[in-house]
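Participant: Below are the C-alpha cells for one structure; questions will follow.
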Amino acid sequence: MTEENIPAGDVLQLFLNTLYVISETDKDLDLIYCIFRIRLLAILGFLPQVAKCVNCETPMLEEMEKFYFSVKDDGVKCEPCSRLDKSVIELSKTTFSALIYILSCDSKKLFSFEIPERDLQELKLLCKIYTNQKLDKEYDIQKFNI
Ligand SMILES: [Zn+2]
C-alpha cells in the first residue's frame, strides 16, 4: 500500500493502533479488520462521497432509514438513482453511520464503537467489495478469522 522510502506516518499509526486493539482488547476481529481497511483507503485518498447522492446531489438526511452505496460510483445514492445501479449495496442507518465514523473520526477514537451483528455483516460486505475494487486485488477476509 505504501512506497519504499516515502514516509507514511498516518498508515504506520493506523497499523500500530490496529495491532494494539487486536492484542489488548477482545473486540470482534472482523470489525477491527473492516475499520482498518476502510480507514486505510481513506488515508490513501480514497474518500467516497457520503453527504449527498453522487448522481443527482440529493442530500442524505439523518432521518433516512436506508442508504445505498454505489461501489461503481464511489459513494452514496438516493433511492431513485440507486435503482439504476447494479453495484449498489443497501446499508442500514447504523452501518452508514459506522462508515461515516470510520472515514472521519479522530484517529484515537477509531475503534471505540460497536455495531450489532446484522449491521456488521453489511459493513463486512461493503468493506470487502469496496476495498477489493479500490485496491484492485482480492484479499480474503476469512483468512483473518483466526
Ligand atoms: Zn440521486
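Participant: Which loop GluC sites (Glu not before Pro) in the range 1-58, with loop taken from DSSP, have no more than 14 other Cβ atoms within 10 angstrom of their Cβ? All intermediate terms of the calculation are to be shown ahead of the outcome.
Facilitator: Working: sites: Glu3, Glu4, Glu24, Glu57; in loops: Glu3, Glu4, Glu57.
Of the GluC sites (Glu not before Pro), the ones in loops of the range 1-58 whose Cβ has at most 14 other Cβ atoms within 10 Å are Glu3, Glu4, Glu57.
Participant: What does the extension gain come out to for Val11 and Gln49, with contour length at 0.36 nm per residue minus their alpha carbon separation? Intermediate results must be reported in sequence, preceding the final value.
Facilitator: Numbers: separation 38, 0.36 × 38 = 13.68 nm, distance 2.14 nm.
Residue separation times 0.36 nm, minus the Cα-Cα distance, leaves 11.5 nm.
Participant: Using every Cα-Cα pair within the chain, state what percent have a distance larger than 23 Å. Intermediate results must be reported in sequence, preceding the final value.
Facilitator: Values: 3720 of 10585 pairs.
Percentage above 23 Å: 35.
Participant: What does the extension gain come out to for Glu114 and Leu84, with contour length at 0.36 nm per residue minus their alpha carbon separation?
Facilitator: Working: separation 30, 0.36 × 30 = 10.80 nm, distance 3.24 nm.
So the chain would gain 7.6 nm between Glu114 and Leu84.
Participant: Using the structure shown, list the pairs from Lys108/Lys134; Lys86/Lys109; Lys27/Lys86 with a Cα-Cα distance above 31 Å, or answer none. Display every interim value, and only then the final one.
Facilitator: On the way: Lys108/Lys134 25 Å; Lys86/Lys109 34 Å; Lys27/Lys86 33 Å.
Beyond 31 Å: Lys86/Lys109; Lys27/Lys86.
Participant: Give me the distance between the Cα centres of the range 69-92 and the range 22-61, rounded to whole Å.
Facilitator: When both Cα centres are located, 15 Å separates them.
Participant: Run the dipole for the range 1-57 about the Cα centre, Lys and Arg Cβ at +1, Asp and Glu Cβ at -1, nothing else charged, and hand back the magnitude in debye, nearest 20. Before the final figure, lay out the partial values.
Facilitator: On the way: 4 positive and 8 negative charges, 40 e Å.
Rounded to the nearest 20 debye, it is 180 debye.
Participant: In sequence order, what are the phi-derived ³J(HN,Hα) couplings for the range 26-41 according to the Karplus relation 6.51 cos²θ - 1.76 cosθ + 1.60 with θ = phi - 60°, rounded to whole Hz, with x for glycine and proline?
Facilitator: So the J values, rounded to whole Hz, are 9, 4, 4, 5, 5, 5, 4, 5, 4, 4, 4, 5, 5, 5, 4, 4.
Participant: Could you give the dipole magnitude of the chain about its Cα centre, charging the beta-carbon of Lys and Arg +1 and that of Asp and Glu -1, in debye to the nearest 20? Please report the intermediate quantities before stating the final value.
Facilitator: Values: 18 positive and 24 negative charges, 39 e Å.
Approximately 180 debye in magnitude.
Participant: For the chain, which longest stretch is free of loop sites, where a loop site is one of the trypsin sites (Lys or Arg not before Pro) that DSSP puts outside H, G, I, E and B and that has at most 15 other Cβ atoms within 10 Å?
Facilitator: Numbers: sites that count: Lys27, Lys72, Arg83, Lys86, Lys137.
Within the chain, the longest run free of exposed trypsin sites (Lys or Arg not before Pro) spans 87-136.
Participant: Apply the Karplus curve 6.51 cos²θ - 1.76 cosθ + 1.60, θ = phi - 60°, to the phi angles in the range 121-126 and return the couplings in whole Hz, x for Gly and Pro.
Facilitator: Taking θ as phi minus 60°, the curve returns 4, 5, 4, 5, 5, 4 Hz for the range 121-126.
Participant: Which loop-located chymotrypsin sites (Phe, Trp or Tyr not before Pro) does the range 41-146 contain, where loop means any DSSP state but H, G, I, E or B and the Cβ has at most 15 other Cβ atoms within 10 Å?
Facilitator: On the way: sites: Phe46, Phe67, Tyr68, Phe69, Phe96, Tyr101, Phe111, Phe113, Tyr130, Tyr139, Phe144; in loops: Phe46, Phe111, Phe113, Tyr139.
Passing sites in the range 41-146 are Phe113, Tyr139.
Taken together, the values in this text are just the output of simple stated rules run on the coordinates, not laboratory data. Being a predicted model, the structure only gives us computed values, none of them experimental. All Cβ positions, glycine included, derive from the backbone under ideal geometry; neighbour counts span all protein chains shown.
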